[in-house]
Amino acid sequence: MKAYLGIDIGTFESKGVLADADGRVIATARRAHRMLVPQPGWAEHDAEKNWWGEFCEISNELIATSRYDPSAIKSVAVSGIGPCMLPVDGNGAPLMNAVLYGVDTRASEEIAELTAEVGLDELLASGGNALTSQSVGPKILWLKKNRPEIFARTRCVLNSSSFLIHRLTGRFVIDHYSAGSFNPLYDIRAQGWSDRYAERIIAPDRLPELLWTTEIAGAVTPEAARQTGLAVGTPVTAGTIDAAAEAVSVGVKDAGEMMMMYGSTMFIILVADRRIEDPRLWYAPWLFEGQHACMSGTSTSGTLTRWFQEQFARELDPETALATLAAEAENSPPGANGLVVLPYFSGERTPIHDPAARGVVFGLDLTHSRSDIYRALLEGIALGVRSVIETYEEAGAPLKRIAAVGGGTKNRIWSQAISDTTGWKQDVCANTIGAAYGNAFLAALAIGDAARDDIMRWNEVEREIAPDAESAAVYRRGYPVFKELYSRTQDLMKGLSTRDA
């Protein structure tokens, strides 16, 4: 029997999957953890505990639960939240907590500095992206300026997947797709690290070696085998960011196909056969040579529902609280009885890229209930996604299909509101485990045990979420208010954000 191991490190939990050669799930495991917020605008993880510790626990559990001999696991693929910034020493030991992706906005000053120095045109030409909170380069510069003693000890800067790969194989490597988010350090024209910023930010020899996602990075070492339960010598792929693995898991493989990930944030990937140039969108080479990725993301979605649960539904059982709130929200009609929410509770990424943006609940009166407010939060996320889809259209990016993935697809109001606000049907595959399942497929693909088209056999479309005309009309009336609300309050928001300084 053959099996393939996929493990993913998320914002709030890690997941693992063992799948067989036909894509059947043999066993799953997960571990919950918290995102650390030491001060407003910061978001961190303990890499040793949350990343490697949970990888080891999950790997051992999957082997024990499945009763597979470790030698039956033919390959391993990993992914994780990204882009992150984790400085490590020569032994791969973390020198501080990992700085997370775009929800961490600590490098706003460095973003402004580098944009002024380099110029937006050159940033787009060489890196494919404007600098935003999603860019790793400014966060490395923040490290250099604000933690010089740590920067001096840094042998390599890793992200979540490359940290795991080092622990498994002893090599410092990163895939091209992940490296594309290290802007301005990755040169898309040469598809390699640039030495232009060696003095200003960091030298290329302190960054990981570049590989394509399904290249084999190395083999499980004896020490890694002891901790994970895997067999010594098991092949390990180069890994990738979680959203890319999620896209693979639901069959996003051809130009015009889009993955919409319902997670802690909404993250969207469109595969293209050419580079889409727009400063509001992110670019990276896709997982395979010759393809391109055009990406976007919101700052809060699942994090917003979790916040609401913890602050306003404390009496509910934590295990079922979100389901209970979703059921309550069904009692509120589309439009939430006149409420409009700006879901910018951690700033916002696409399309406004404003770390100073703040959440707004607009239209409240004494008749509104908790169910109205919770529904309005979900609809606010959906209206934000509509503005993202409009950005793709304005950039000339061809869109042919949307595949939805992630735990949020089980929330009927949330997923239906996105189809209603955008006008696009969403395909939901039978298996919605997400990135961990995509990793299992990538592990099989990397060693030649699967072809790219096999993912549609592994994970067939189970249902469609089609737009509802009546609800869509309600959201069309609310969308101009959503847009104008930010326009009219953004200067006030900047005044409130002075506490971040």
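Between Val361, Val385, the distinction of being farther than 20 Å from Gly263 by Cα, out of contact with any Ser or Thr (no Cβ under 6 Å at 6 or more places or on another chain) and either assigned to a helix (DSSP H, G or I) or of a type in the set (Val, Ile, Thr) (or both) belongs to Val361 only. Asp354: at pLDDT below 95, surrounded by fewer than 23 Cβ atoms within 10 Å (Cβ to Cβ) and either farther than 24 Å from Met258 by Cα or assigned by TED's automatic domain parsing to the domain that holds Met295 (or both), yes or no? Yes; evaluated as a whole, the condition is true for this residue. Kindly evaluate Gly23 against the criterion of being at pLDDT below 95 and either crowded, with 16+ Cβ neighbours inside 10 Å or in contact with a His (Cβ under 8 Å, 6 or more places away or on another chain) (or both). So Gly23 does not fit the description; no.
For region 453-484, a residue qualifies if it is part of a helix (DSSP H, G or I) and in contact with a strand residue (DSSP E or B) (Cβ under 6 Å, 6 or more places away or on another chain), and the qualifying residues are Gly478, Val481, Phe482. Scan region 116-167 for residues that are assigned to a loop (DSSP other than H, G, I, E, B) and either acidic (Asp, Glu) or over 30 Å from Ala225 (Cβ atoms) (or both) and the total you get is 10. Can you find a residue in region 235-253 that is surrounded by fewer than 24 Cβ atoms within 10 Å (Cβ to Cβ), under 20 Å from Trp458 (Cα atoms), in contact (Cβ under 8 Å) with a residue 60 or more places away in the chain and charged (D, E, K, R)? Yes: one or more hits. The residues of region 308-350 that are surrounded by fewer than 13 Cβ atoms within 10 Å (Cβ to Cβ), farther than 16 Å from Ser471 by Cβ and not β-branched (Val, Ile, Thr), listed by number, are Glu310, Gln311, Arg314, Glu315, Asp317, Pro318, Glu319. Does Thr391 satisfy the condition of being closer than 30 Å to Ala272 by Cα, within 27 Å of the chain's Cα centre (by Cα) and polar (S, T, N, Q)? Yes, satisfied. Arg31 meets each of the listed conditions (1) closer than 16 Å to Asp242 by Cβ; (2) of a type in the set (Lys, Arg); (3) modelled with pLDDT under 95 apart from (3).
The set of residues from region 26-76 being crowded, with 16+ Cβ neighbours inside 10 Å and hydroxyl-bearing (Ser, Thr, Tyr) comprises Thr28, Ser59, Ser66, Tyr68, Ser75. One residue stands out in region 154-174 among those that are in contact with a Gly (Cβ under 6 Å, 6 or more places away or on another chain) and more than 16 Å from Val220 (Cα to Cα): the one that is surrounded by the fewest Cβ atoms within 10 Å (Cβ to Cβ), namely Arg155.
The sole residue among Val37, Val78 that is without any contact (Cβ under 8 Å) to a residue 12 or more places away in the chain and closer than 26 Å to Ser135 by Cα is Val37.
The values are calculated or read from the model by the stated rules, or taken from the named source; none is laboratory data. No experiment lies behind these values; they were computed from the predicted model shown. Counting neighbours? That spans all protein chains shown, and the Cβs are built from the backbone with ideal geometry, glycine included.
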